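Presented below is the structure to which this report refers.
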Amino acid sequence: MMGAVRAENLGKRYRQGEKEVVALEGFTFAFPQGSTAVVGPSGSGKTTLLNLLAGFDLPTEGGVYLGEVALHRLSEDERAEVRLRHMGFVFQQWNLIPTLTAWENVAFPLFLAGLPPRARKERALDLLEKVGVLERAHHLPSRLSGGEQQRVALARALALDPPILFADEPTGNLDAESREQVASLLFHAGQERILVLVTHDLELAARAERILYLKGGRLVRQEVPGPSR
Amino acid sequence: MELFHLVLRNLLARPVRSFLTLLGVVIATTSMVLFLSFGEGLRRSLAQELSRVGPAIQIVPEGMEGLGFSGYPEITPEEYRRAVAAGKDLGVKRITPTLFLVRGGFDPQTSFFFQGLPEGVAPDLLYPGIKPQAGRLLPSEEGAIVGAKVAKRSQLALGNPLRLSPRVELRVEGILEESGGLADNLIFVPLKPLQEVLGTENYTALLVALNPGQKAEEVARALEARLPGLKAQTTGDVMRFAERALRISDLVRFGISLVALVVGGLLVANTVMMSVYERTREFGVMRALGAKRGFIFRLVVLEALLLASFGGLLGLALGSAVSQAINLYTLGQVGLALSAVTFRLSLFALLVALGLGLSAGLLPAYHASRIPVVEALGRV
Ligand SMILES: Nc1ncnc2c1ncn2[C@@H]1O[C@H](COP(=O)(O)OP(=O)(O)O)[C@@H](O)[C@H]1O
Ligand SMILES: [Mg+2]
């Protein structure tokens, strides 16, 4: 497969009129198999980093490599194809397609990948069962609780069984119980994948195998948490 | 869940807005179909009338091409004699002089169309197959044979007087059976009293009947060559002339309906634009999941196309229904089906609706597919 996700001297500057904002600078790290949490205060560049790793945006410096592939050198549509085949995403809330039911949301990547309708539905229902929201399969997102929505989003992220999983504040707006459910499902799925979890929730981050600390757009510290899981 | 399905879901998620937009397209298409159906109807009835009118060639004064019903008679007896001589040389079957006179206003309800016939000529010579339902077919010197619709409309019976002028009065001597053609709306009278009313010895037109095997076009050109100042037009010529006039009026009517079409197009564009704006984050999510830009583009264009084509179909159906209703009315009034929704008109209307949807959808679609993923994702 693609091996690790490597960021090399990754940097992103935004120009805002006269002044320049350095959102990320000199970030070098190879994300290995297993879960890596990226933490830091608000505005420290976490989302910027994730946007670059996923190819949503292009760096102003350095690059992102998936094995041999230089993601930042690919075109917009080529990056979309890479995301479809190799990456799954769970964002903060509001990331389900509001006009599609739960199972249809899960089936959406399968549809993009060209699977036949029957296979899509089977796989989608299967995944919903795994994340424990099968009984909500035919509900629209607006009828689901925040925790249920995030579990559907996780099922969708896993639809094409991608080797890479990205999550940006996946438990941001959830109550304690839902947070626990989503977190354990996420880390379970991250065990045999490259999971990059961006959060400012230190408790959540502590469950990851590695923690990266960002501050002012720079990687200031890495640590491997103790066996407190 | 195919692309079409996604689009439909989105339209159904906002039913009122989609319905109102659809209504706009329906009204635009209906009005266009109706406007254009009048031209098609005229074409159709013209072709039918001309195929029922006997003579293969009509000789009329130059500049009076078309159906010179209402023109002042300008063909002199001398010209008539020369035409007869020319006709003899060319071996035509018969040349019949005729004269048209309209009494009454522009309203076909109250107008009388008189056609003058030479002595001894019955109307079935010009309109083969017509029969009297009462009285006779050949008018006497002071008689008139009345078409079925005129008789019904004006409640004319045998023996009733018809006053052409204070001094000239004719009597109804025959009433024709309904034939479905032009003759239903005519009153056939001898030439003499008509010429007397107009104070002339001239004719409106000379009707040329051909012998079997003669070619209308060739004979017409040969007649013209020998009759300066006169025009010999074949049924084909009349059709071509009428076609040109109809084309122009088609353009005018299409121009009028263009207003409705543009409004319909703007409605679609507005709806799609709003829907794109509201769904920016949704598109961002789709792109994040791996949808390409072309996918978003197709999604939006299809939405506009779906609105326009569905609205176009409904508009076509509604237009056809109204056209039928109009025909029911005009058939009763003037005996003509004024409106026709032909196959090519239907096709044209659907293509216009589709073109409308396409042009209304392209810009929003382009816009939607170009929003940067990060920007789209950032918007809630
Ligand atoms: N599109 C943008 N234009 C200008 N500045 C931006 C933009 N996106 C992010 N930034 C800035 O970059 C820095 C990092 O932002 P972000 O990556 O969102 O941080 P975090 O996710 O850690 O809160 C912040 O100072 C933010 O204001
Ligand atoms: Mg953030």
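Numbers below:
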{"read-out": "Charge tally in the Cβ shell below 13 Å around B:Lys131, where Lys, Arg are +1 and Asp, Glu are -1, B:Lys131 excluded", "value": "-3"}
{"read-out": "Zero-based 5 Å bins, Cα pair distances in the range B:285-380, whole percents", "value": "3, 13, 15, 14, 11, 10, 8, 7, 6, 5, 4, 3, 2, 0"}
{"read-out": "Semi-axes of the equivalent ellipsoid for chain B, Cα gyration tensor, largest first, Å", "value": "61, 23, 15"}
{"read-out": "Contour excess over end-to-end distance, with Cα ends at B:His5 and B:Leu351 and 0.36 nm allotted per residue", "value": "122.3 nm"}
{"read-out": "For chain A, radius of gyration divided by Kirkwood radius, i.e. Rg to Rh on alpha-carbons", "value": "0.97"}
{"read-out": "Spherically averaged projected area in nm², based on the convex hull that wraps the Cα atoms of the protein assembly as shown", "value": "41.1 nm²"}
{"read-out": "Alpha carbon centroid spacing (whole Å) that separates the range A:164-188 from the range A:1-52", "value": "21 Å"}
{"read-out": "Contact order relative to length of chain B, as percent, for alpha carbon pairs under 8 angstrom and 6 or more apart", "value": "29 percent"}
{"read-out": "For a label point 7 Å along the Cα-to-beta-carbon line of A:Ala4, residues of the range A:58-90 with backbone N under 18 Å", "value": "A:62-72"}
{"read-out": "Expected-Rg normalisation [2.2 N^0.38 Å, Cα atoms] applied to the range B:134-228", "value": "1.35"}
{"read-out": "Dimensions (Å) - the range B:57-213, Cα atoms, principal axes, largest first", "value": "45, 33, 27"}
{"read-out": "Exposed-site-free run, longest, chain B (rule: chymotrypsin sites (Phe, Trp or Tyr not before Pro); DSSP loop; at most 14 other C-beta within 10 Å)", "value": "B:107-380"}
{"read-out": "Antiparallel %, DSSP beta bridges [both residues in the protein assembly as shown], to 5", "value": "65 percent"}
{"read-out": "Filter on A:Lys12/B:Lys292; B:Lys93/B:Lys131; B:Lys131/B:Lys192; A:Lys46/A:Lys121; A:Lys121/B:Lys292; B:Lys93/B:Lys231 - keep pairs with C-alpha separation over 29 Å", "value": "A:Lys46/A:Lys121"}
{"read-out": "Gain on full stretching of the segment that runs from B:Ala134 to B:Arg17 - 0.36 nm per residue minus C-alpha separation", "value": "35.9 nm"}
{"read-out": "Charge dipole magnitude, Cβ of K and R +1, D and E -1 - the range B:57-213, Cα centre, debye nearest 20", "value": "340 debye"}
{"read-out": "Computed FRET value (nearest 0.05) for B:Arg226 with B:Lys93, which takes r as the C-beta separation and R₀ as 22 Å", "value": "0.80"}
{"read-out": "Share of alpha-carbon pairs per 5 Å distance bin for the range A:34-79, given as whole %", "value": "4, 20, 27, 22, 16, 9, 2"}
{"read-out": "Carbon + sulfur, % of accessible area of the protein assembly as shown - ligands and nucleic acids excluded, 1.4 Å", "value": "58 percent"}
{"read-out": "The range B:181-275: trypsin sites (Lys or Arg not before Pro) falling in loop per DSSP and having at most 15 other Cβ within 10 Å", "value": "B:Lys215"}
{"read-out": "Average silhouette area of the range A:128-229, convex hull of alpha-carbon atoms, in square nanometres", "value": "7.4 nm²"}
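The values are calculated or read from the model by the stated rules, or taken from the named source; none is laboratory data. Keep in mind the model is a prediction, meaning the values are calculated, not measured. Glycine also receives a Cβ, built like all others from the backbone with ideal geometry; neighbour counts cover every protein chain displayed. Ligands, DNA and RNA are stripped out before the accessible areas are found, and what is left, the full protein with its side chains, is counted by its heavy atoms. Shrake-Rupley method; radii C 1.70, N 1.55, O 1.52, S 1.80 Å.
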